[in-house]
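What follows is a single structure, written as structure tokens, with notes after it.
The values are calculated or read from the model by the stated rules, or taken from the named source; none is laboratory data. Quick caveat, the model's predicted, so the values are computed rather than measured. With ideal geometry, Cβ positions are generated from the backbone for all residues, glycine too; neighbour counts draw on all protein chains shown. Only protein heavy atoms, including side chains, enter the accessible area calculation; ligands, DNA and RNA are left aside. Shrake-Rupley method; radii C 1.70, N 1.55, O 1.52, S 1.80 Å.
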Amino acid sequence: MLTMLFDALLGLGLVVAALGALWSRDLFRAVVLFIVFGLLVALAWIRLQAPDVALAEAAIGAGLTGALLLDAIGHLRRTPRPEKS
């Protein structure tokens, strides 16, 4: 019973994080939600008894990709915007 509740909450968290990342207008918030989504997917893989896939998802999906996206946002904020005439 408790595991079914945890799985339902995990599924709901996945949907909320995915939709939040897609619909967010703030890039930083979208990337943070993407990282949270990756970590929740890794947790789902653990629940499905696939620890090797979960480790790869956490390392690549949440860790590396999240760091690269955060770095890209940093570069976007540093570039000067052209003035509108």
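Structure notes:
- When ALA21, ALA8 are checked against the criterion of being out of contact with any Lys or Arg (no Cβ under 9 Å at 6 or more places or on another chain) and part of a helix (DSSP H, G or I), a single residue qualifies: ALA8.
- Residues of the stretch 24-58 classified as part of a loop (DSSP other than H, G, I, E, B) and on the phi < 0 side of the Ramachandran plot, total: 5
- Selection count, the stretch 53-85, where residues are open to solvent by 100 Å² or more (accessible area, probe 1.4 Å) and touching a residue at least 12 places away in the same chain (Cβ under 8 Å): 2
- Residue match in the stretch 16-23 (condition: more than 15 Å from the chain's Cα centre (by Cα) and surrounded by fewer than 17 Cβ atoms within 10 Å (Cβ to Cβ)): no
- The set of residues from the stretch 24-52 being in contact (Cβ under 8 Å) with a residue 24 or more places away in the chain, open to solvent by 90 Å² or more (accessible area, probe 1.4 Å) and not charged (D, E, K, R) comprises LEU27, PHE28.
- The stretch 34-67, residues that are farther than 23 Å from LEU5 by Cβ and among the aliphatic types (A, V, I, L, M): ILE35, VAL53, LEU55, ALA56, ALA58, ALA59, ILE60, ALA62, LEU64, ALA67
- Scanning the stretch 59-85 for residues that are assigned to a helix (DSSP H, G or I) and of a type in the set (Val, Ile, Thr) yields ILE60, THR65, ILE73.
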